[in-house]
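Presented below is the structure to which this report refers.
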Amino acid sequence: QVQLVESGGGLVQPGGSLRLSCGASEGRLDLYAIGWFRQAPGKEREGVAYITSNSVTHYENSVTGRFTISRDNAKNTIYLQMNSLKPEDTATYYCAARWGGWGPSQKEYKYWGQGTLVTVSS
């Protein structure tokens, strides 16, 4: 059983940076693959980045080279470092956990946080 909590969202200017954190109010995350997803107003939720239990990472094309996903098992935390932010990055960002391998299929992620809002605007 896992309860996920995202934090770190806020308002940032274009070109700026934010670091999101995904922790657990209940449960350990080290055995789970973690995905970051986002949902912009009026759009479907989409994948952003993924990390396996062994810290192998994967990124969607829209964020490759700008975002970095990582995990610190000692802190039971997964991070999403977001650099060179663009207005189109504005969305509510969610972390989600699945047992086993990684993948973009949202239905395979069993546990979801409540989301943290990222607004990129001047």
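The values are calculated or read from the model by the stated rules, or taken from the named source; none is laboratory data. The shown structure was predicted, so the numbers you read here are calculated from the model rather than taken from an experiment. In this analysis, Cβ positions are derived from the backbone assuming ideal geometry, glycine residues included, and neighbour counts consider all displayed protein chains. Remember, those area values only see protein heavy atoms, side chains included, never the ligands or the DNA or RNA. Shrake-Rupley method; radii C 1.70, N 1.55, O 1.52, S 1.80 Å.
When only the Cβ of Lys, Arg, Asp and Glu is charged (+1, +1, -1, -1), the dipole of segment 37-114 relative to its Cα centre reaches about 160 debye. Based on C-alpha pairs under 8 angstrom that are at least 6 apart in sequence, segment 20-77 has a relative contact order of 34 percent.
In the full protein context, the chain carries 51 Å² of accessible surface per residue, based on a 1.4 Å probe and ignoring ligands, DNA and RNA. Normalised by the number of residues in the chain, the average gap of Cα pairs under 8 Å and 6 or more apart makes the relative contact order 36 percent. Each principal axis of the Cα cloud of the chain was taken in turn, and the coordinate range along them, longest first, works out to 39, 26, 25 Å.
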